[in-house]
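Bear in mind these aren't lab numbers, they're just calculated from the coordinates by the rules spelled out. Predicted model only: the values in this text are computed from it and were never measured. Cβ placement follows ideal geometry from the backbone for every residue including glycine, while neighbour counts extend to all protein chains displayed.
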Amino acid sequence: DRLLASDAPLEKPYLVRALKASNLWEYDHEAEARAIIDGVRAAAPRDPAPWVIVAEALESHDELEAAQDTFTEGTTLLLTDVPEPPYSTLPLLFGRHRVRRMLGAAHDEWDALADTLHSSPISLDELHDPKRIWSLGSDNPAELQAEITRLQAELGAYREALSRPFPVAVLHWSAPELTELTTAYPDLTTEYPSHGEHLATIEASLRELAGSGTPNLGIVTATVPSYEAFAASEASSPSDTTLLPQYATTLAARGLAVAWPPQRGAECWCGSEVSYGECHGDQYA
């Protein structure tokens, strides 16, 4: 309530509203929660998190049809014509698959995509099987062992996610910052021959990582003063190219990474103020 009442603009207002709705419903304020959920859905945020939170709130209160509709709206908005779904959108796809499995709905293209992106050795169909709960009370050792295996697979997936709390990030220098950097440290011109090549290398590197199956990718924007301070903290010279990936990881760990690829219709990561699809996304294609 304090965040929403603040005069300062919020970075993610719909995330705050979604969390508020979830908590209100949890404490029996259903009507107010539903009104907020309807507002979040109508606003169609470009961030997957609010969609997931309000859909799961509906799901947890047995509103499965509404949960499916919400997951589908978010998935369609954020992932239509997106060749490589960002890591942050996976909960949308997996949540939608889970709810549709409980409803007994036939697989569609989004469910197939969720199956493709799911990396656990236990399939989503098996993990989301609504009959799983009954196996916990079974007297059949084989059924119990199968459920233990499924739970171990789920635990492994959660541990993998927790071990990657921040994205694998690539360093991005704006044109003025890169000019300042290479002027002050000429040895870095071998790493950064030109700003155009630097931008092309970023896009190519990220696509290569995505193609190898690396999830949760991002971009961090560097500044010369920040990089110099980092080099000093490492008792090293800023000219040392081995510092660059370490600096990128440090920025990502501070929560400064922007997810790649950008959401559909979002501006390109390079700062051109042109949509990604018309800028580096299109250029690379």
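Between the helical axis of 13-26 and the dominant principal axis of the chain, each derived from Cα atoms, what acute angle in degrees is found, rounded to the nearest 10?
The two axes meet at around 30 degrees.
How long are the three semi-axes of the equivalent ellipsoid for the range 2-130, computed from the Cα gyration tensor as the root of 5 times each eigenvalue, in whole Å, largest first?
The equivalent ellipsoid of the range 2-130 has semi-axes of 26, 18, 11 Å.
For the range 168-284, what is the relative contact order in percent, using Cα pairs closer than 8 Å and at least 6 residues apart in sequence?
32
Placing +1 on the Cβ of each Lys and Arg and -1 on the Cβ of each Asp and Glu in the chain, which of P193, G213, L4 has its Cα farthest towards the positive end of the resulting dipole?
My answer, from the dipole projection, is L4.
Can you give the helix-only mean residue ellipticity at 222 nm for the chain, where every DSSP H stretch with n ≥ 4 adds -39500 (n - 2.57) and the sum goes over all residues, rounded to the nearest 500 deg cm²/dmol? Present the calculation step by step, with values, prior to reporting the outcome.
On the way: 15 runs with 167 residues, N = 285.
Result for the chain, helices only: -18000 deg cm²/dmol.
What is the range 26-75 by shape, rounded, prolate or oblate, if you read a ≥ b ≥ c off the alpha carbon gyration tensor as root eigenvalues and call it rounded for a/c under 1.5, prolate for a/b larger than b/c, and oblate otherwise?
oblate
To the nearest 10 degrees, how steeply does helix 243-253 sit against the main Cα axis of the chain, on a 0 to 90 scale?
The angle comes out near 30 degrees.
If you take every DSSP beta bridge fully contained in the chain, what fraction is antiparallel? Give it as a percent rounded to 5.
40
For the chain, what relative contact order do you get, as a whole percent, if you take Cα pairs closer than 8 Å and at least 6 residues apart?
About 15 percent, as a whole number.
For the Cα atoms of the chain, what angle does the longest principal axis make with the long axis of helix 64-79, in degrees from 0 to 90, nearest 10?
The two axes meet at around 20 degrees.
Looking at the P(r) of the chain, how many percent of alpha-carbon pairs lie beyond 35 Å?
Values: 12493 of 40470 pairs.
Tail fraction, whole percent: 31.
Taking the convex hull of the Cα atoms, report for the range 168-284 its projected area averaged over all directions, in nm². Display every interim value, and only then the final one.
Details: hull surface 28.6 nm².
So the mean shadow area of the Cα hull is 7.1 nm².
Find, among the GluC sites (Glu not before Pro) in the range 1-88, those assigned to loop by DSSP (not H, G, I, E, B) with at most 12 other beta-carbon atoms within 10 angstrom.
Details: sites: E11, E26, E30, E32, E56, E59, E63, E65, E73; in loops: E11, E63.
Answer by residue number: E11.
If you place +1 on the Cβ of every Lys and Arg and -1 on the Cβ of every Asp and Glu, how big does the dipole about the Cα centre of the chain come out, in debye to the nearest 20?
320
When all alpha-carbon pairs of the range 207-250 are counted, what percent fall beyond 18 Å?
Of all Cα-Cα pairs in the range 207-250, 37 percent lie more than 18 Å apart.
Return a whole-number percent for the relative contact order of the range 2-130, with Cα pairs under 8 Å and 6 or more residues apart as the contact set.
After rounding, I find 17 percent.
Scan around S275 for amide H atoms under 5 Å from its own, H built in the peptide plane at 1.01 Å from N, and keep only partners 5 or more places away or cross-chain.
Amide H neighbours of S275: C268.
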